[in-house]
Each structure stands twice: as structure tokens, then as C-alpha cells.
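Below is one structure, written out as C-alpha cells, with a few remarks after it.
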Amino acid sequence: MSQELRHTLGVIDEAFSRLRAEILIMAAQTRTNLIHAINGLFERDTALCNQAIADDSDVDLLEKKIDREGTEIIVRYTPFATDLRRVLGAMKVAAELERISDQAVGIARRGRKLNDCPALDEVVLVRSLTDAILAIYDEAVLVFEEENVERALQIKPMDKKIDVLHRELIEEMNRGMEKHPDRLKDYLEVVFLIRFLERAADHAVNIGENAIYIRSGQDIRYTQS
């Protein structure tokens, strides 16, 4: 290997390491936004809901920065094969994190509306779903950080359990609407935030799939597990 090629590969490695570090910072901020939105709901704390909404702009800025730096790596160094896959995969992960933060905003907005109404007893049931969402999110970020294909393959089964929880909770809210038609609007707000949570899980699955793509080049989207 020539000196020039070794230097170029070393520079690409350094640039990619910086990109990964920024994605992990973005992941931490996204998780914080999720936590604020979730706690704002359960603690009926509108200030926390507002914090999740306001801090989404920080995630947006990080995604733009990562996208810009990833594009610069491609343009400047024209990486091939593995290196190109690493950059493209990382940029896709950033996009998924931004979408998860968007779901946190949706949860916070619905939570803020619920905070203005008398408490619904059924809201506490959503805790099982929020715990599952945070678990799958943490696992997805970990497999990206470690590029752990074996663990990444376990994320889809986690999502299937979340889908079951999602359906059960929707059915529970439907029963609540039948019993308390005067609270129909409030139950619908809970239904919307349950759907936001389920979508956040879908984006976490995509992060895990991108970790597999980065590591092995295998595209497992739309496959069954």
C-alpha cells in the first residue's frame, strides 16, 4: 500500500470517527427529548413538554451538520466500498434520530393538551409502552456504536412486542371512549401519542438495520424475522 493511500485511508477514518461521535451526541439529545416528553405526560408537567419541543431544534441542527460533514467526506475523498457504506449508513442513522425527536415533539404536544384536562386513569397504562420504547432505542444506539450485527438482529423481535403493546393500548383507549364518551377528545389525544411512540420504535429498528448495513453491507429492510 502506497504512503499516499495509507494517508488517505487514515484521514477518512478520522473523519468518520468524528461523524460517529457527533451522531452519539445527537442520540443523547434525542433520548433527552424523549424522556422530557414522556415525563411531561406522566408527571403532567407542561414545562417538560415545552422543553422537549424547544430542544428538537438542537437535534435538527445536528442532523444538518452531520449531513453536511458526511457529504463533504464523500466529495473530498471519494471513498469506495466499505468507507462509503460507513458514511452513508451514518447519515441515515442521523436522519432516523431526527425523526425520533420529531415523535418526541408529537408526544409532548399531546401531553401538553392532556395536562390541561382532568387526568385520565388509563394514561398510566402507557408506561409499559414508553419503557419498551426507551429499551429498543437504547439497544439501537448501542448496536450502532458497537456495529454489533448479532445484537442488531434482536431489535426486530423487540419491535414485534411493541406492536402487540401498541394494539392492546389502542383497544384499551377504545373501551375508554365507549365508557366515557364525554372524554372522547382526551382519549383520542392518548391514541395519537401511542402512535407516536410506536413510530419511534420503527425508527429505532431502522437504526439497527443501518448498523448491520454499515458493518456487513447487508440490507435487511423489509425482511421477516
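Read the figures in this text as sums done on the coordinates, not as results from a lab. Since the model is a prediction, treat every value here as computed from it, not as a measurement. With ideal geometry, Cβ positions are generated from the backbone for all residues, glycine too; neighbour counts draw on all protein chains shown.
Relative to the longest principal axis of the Cα atoms of the chain, the long axis of helix 46-77 lies at roughly 20 degrees.
Which angle from 0 to 90°, rounded to the nearest 10, does the C-alpha axis of helix 3-42 make with the longest principal axis of the chain? The two axes meet at around 10 degrees.
Applying 1/(1 + (r/R0)^6) with r as the Cβ-Cβ distance of VAL75 and LYS156 and R0 = 22 angstrom yields a FRET efficiency of 0.05.
Which entries of LYS65/LYS92; LYS92/LYS160; LYS64/LYS185; LYS92/LYS156 show an alpha-carbon separation above 25 angstrom in the structure shown? Intermediate values should be presented prior to the final figure.
Working: LYS65/LYS92 13 Å; LYS92/LYS160 22 Å; LYS64/LYS185 36 Å; LYS92/LYS156 18 Å.
Long pairs (Cα-Cα over 25 Å): LYS64/LYS185.
Stretching the chain fully between GLU172 and ASN50 yields a gain of 41.2 nm (0.36 nm per residue, less the alpha carbon separation).
Can you give the relative contact order of the chain as a percent, counting alpha carbon pairs under 8 Å and 6+ residues apart?
Computed value for the chain: 25 percent relative contact order.
Averaging the Cα positions of each part gives two centres, and for region 155-191 and region 40-118 these lie 25 Å apart. Rounded to the nearest 10 degrees, the inclination of helix 127-146 to the longest alpha-carbon principal axis of the chain is 0 degrees. Mind pulling up the Rg/Rh value for region 3-216? Radius of gyration and Kirkwood radius, both on Cα. Rg/Rh: 1.07. Length gained on full extension, ALA135 to ASP67: 21.8 nm, using 0.36 nm per residue less the C-alpha separation.
Loop only by DSSP, 14 or fewer other Cβ within 10 Å of the Cβ. Give me the chymotrypsin sites (Phe, Trp or Tyr not before Pro) in region 38-104 that pass, ordered by residue number.
Numbers: sites: PHE42, TYR77, PHE80; in loops: PHE80.
Hits after loop and neighbour filter: PHE80.
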